[in-house]
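Peer 1: There's a structure below that I have some questions on.
The values are calculated or read from the model by the stated rules, or taken from the named source; none is laboratory data. Keep in mind that what you see is a predicted model, and the values were worked out from it rather than measured. Positions of Cβ are backbone-derived with ideal geometry, glycine not excepted, and every protein chain shown enters the neighbour counts.
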Amino acid sequence: MGYKKFNKYIGEKYWVDYFNKSIDFYNTIRKHIQESIPKEDTVGLDIGSGPGVGAKLIADLKFETKLTGFEPSQTSLEGIKLSDYFASEKIPVVYIARRGGILDIETPKPNSYDYILILRAVHEIADSLGGYKKLFNELHRITKGLKKGGVFIVAEPQYSKDNTSELIIKKVQEYQKDNIGHCHVPSDYINTFEMKKQANSLGLKLVKETIVPNNRLLNELNKKGLTISESPCSFYVQTYKLL
């Protein structure tokens, strides 16, 4: 399965190669969380949680919550360590790290969750399921567990809609291989427009969207001789509420 490529990101490697190299992206996710999720007495679900990214962002905000993260790769072991750290330091995030993918999440009862997160994992989950249609079928099942007015936050990379030549895609792939150990083509991602369409079909209303340019990528491509003024890739963060 595709998720196994993340097995090598144990220890500090995920935080170094993913989190720190895209810090503007994760700071934006944190801001969305801060503005949309109550500070106390909440229950959440993080799908494709890695080593506990959602839990860390919420802990940074000093929110009080109970969050369950599902992650099929070995980085879930780092989530267990993070959970133990929270407990030892009396950080008010009760984090439950579980080894498993989206299919391992039991169909929730109504009003189970105040919020659901999928942070930089939509494309990987879709790949593991064999396509986006199956992914959204699963999300239809799981988001029924949101409370009315509950929050769904999704954060993803995407290629630019325009001016993405074969040469630029090749250079982006080289950059991705050097920085995260694997690469993607535009069709691997679901862009912001399609995400809105699919989320709307789930009964979710978009309340905030932020586009974050991948300026680190832009700088690297310019160093390699590509004279472009805008990054061919960006990140988006979207916050939805259940109608």
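Peer 1: Can we say Leu167 is more than 29 Å from Glu12 (Cα to Cα), surrounded by 14 or more Cβ atoms within 10 Å (Cβ to Cβ) and not hydroxyl-bearing (Ser, Thr, Tyr)?
Peer 2: Spelling it out, it is not the case that Leu167 is more than 29 Å from Glu12 (Cα to Cα), surrounded by 14 or more Cβ atoms within 10 Å (Cβ to Cβ) and not hydroxyl-bearing (Ser, Thr, Tyr).
Peer 1: Residues in region 173-194: is at least one at positive phi and of a type outside the set (S, T, N, Q)?
Peer 2: Within region 173-194, one or more residues are at positive phi and of a type outside the set (S, T, N, Q).
Per-residue answers, yes or no, for (1) out of contact with any Phe, Trp or Tyr (no Cβ under 6 Å at 6 or more places or on another chain); (2) more than 17 Å from Arg120 (Cβ to Cβ); (3) β-branched (Val, Ile, Thr):
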site: Asn137; (1), (2), (3): yes, yes, no
site: Val154; (1), (2), (3): yes, no, yes
site: Pro157; (1), (2), (3): no, no, no
site: Ile168; (1), (2), (3): yes, yes, yes
site: Gln176; (1), (2), (3): yes, no, no
site: Asn214; (1), (2), (3): yes, no, no
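Peer 1: Just the residues that are loosely packed, with under 14 Cβ neighbours inside 10 Å and among the hydrophobic types (A, V, I, L, M, F, W, C), please, taken from region 190-206.
Peer 2: The one that is loosely packed, with under 14 Cβ neighbours inside 10 Å and among the hydrophobic types (A, V, I, L, M, F, W, C): Phe193.
Peer 1: So which of Tyr95, Tyr85 is among the aromatic types (Phe, Trp, Tyr), in contact with a helix residue (DSSP H, G or I) (Cβ under 6 Å, 6 or more places away or on another chain) and either over 23 Å from Asp127 (Cβ atoms) or in a loop (DSSP other than H, G, I, E, B) (or both)?
Peer 2: Within the list Tyr95, Tyr85, the selection yields Tyr95.
Peer 1: Does Ile211 satisfy the criteria of being within 14 Å of Ala155 (Cα to Cα) and surrounded by fewer than 16 Cβ atoms within 10 Å (Cβ to Cβ)?
Peer 2: yes
Peer 1: Step by step: first the residues of region 99-129, then only those that are in contact with a Gly (Cβ under 9 Å, 6 or more places away or on another chain) and loosely packed, with under 15 Cβ neighbours inside 10 Å, then the one that is nearest to Lys66 (Cα to Cα). Which residue is that?
Peer 2: If we take residues in region 99-129 being in contact with a Gly (Cβ under 9 Å, 6 or more places away or on another chain) and loosely packed, with under 15 Cβ neighbours inside 10 Å, then Asn111 is nearest to Lys66 (Cα to Cα).
Peer 1: Still on this model: Here is a check on your reading of the model: is Ile153 in contact with a helix residue (DSSP H, G or I) (Cβ under 9 Å, 6 or more places away or on another chain) and at pLDDT below 95?
Peer 2: Criteria not met by Ile153.
Peer 1: Moving on to the next point. Would you mention how many residues in region 8-23 are loosely packed, with under 13 Cβ neighbours inside 10 Å and either at pLDDT 95 or above or in a helix (DSSP H, G or I) (or both)?
Peer 2: 3
Peer 1: May I ask you to list pairs of residues, at least six apart or on different chains, whose Cβ atoms are under 6 Å apart, with the first in region 69-90 being under 15 Å from Asp46 (Cα atoms) and the second being in a loop (DSSP other than H, G, I, E, B) and among the polar types (S, T, N, Q)?
Peer 2: Gly69/Ser49; Glu71/Ser49
Peer 1: Determine whether Leu45 is surrounded by 16 or more Cβ atoms within 10 Å (Cβ to Cβ), in a strand (DSSP E or B) and under 14 Å from the mean Cα position of the chain (by Cα).
Peer 2: yes
Peer 1: Of everything in region 112-160, what is among the small types (Gly, Ala, Ser), under 21 Å from Gly50 (Cα atoms) and outside any strand (DSSP E or B)? Give them in sequence order.
Peer 2: Once the filter is applied, which keeps residues that are among the small types (Gly, Ala, Ser), under 21 Å from Gly50 (Cα atoms) and outside any strand (DSSP E or B), region 112-160 yields Ala121, Ala126, Ser128, Gly130, Gly131.
Peer 1: Something else: Cβ contacts < 6 Å: first residue surrounded by 15 or more Cβ atoms within 10 Å (Cβ to Cβ), restricted to region 130-149; second residue assigned to a helix (DSSP H, G or I), any location; separation 6+ or different chain. Result?
Peer 2: Short answer, once both residue conditions are applied: Tyr132/Ala126; Leu135/Ile125; Leu135/Ala126; Leu135/Leu129; Phe136/Gln198; Glu138/Ile102.
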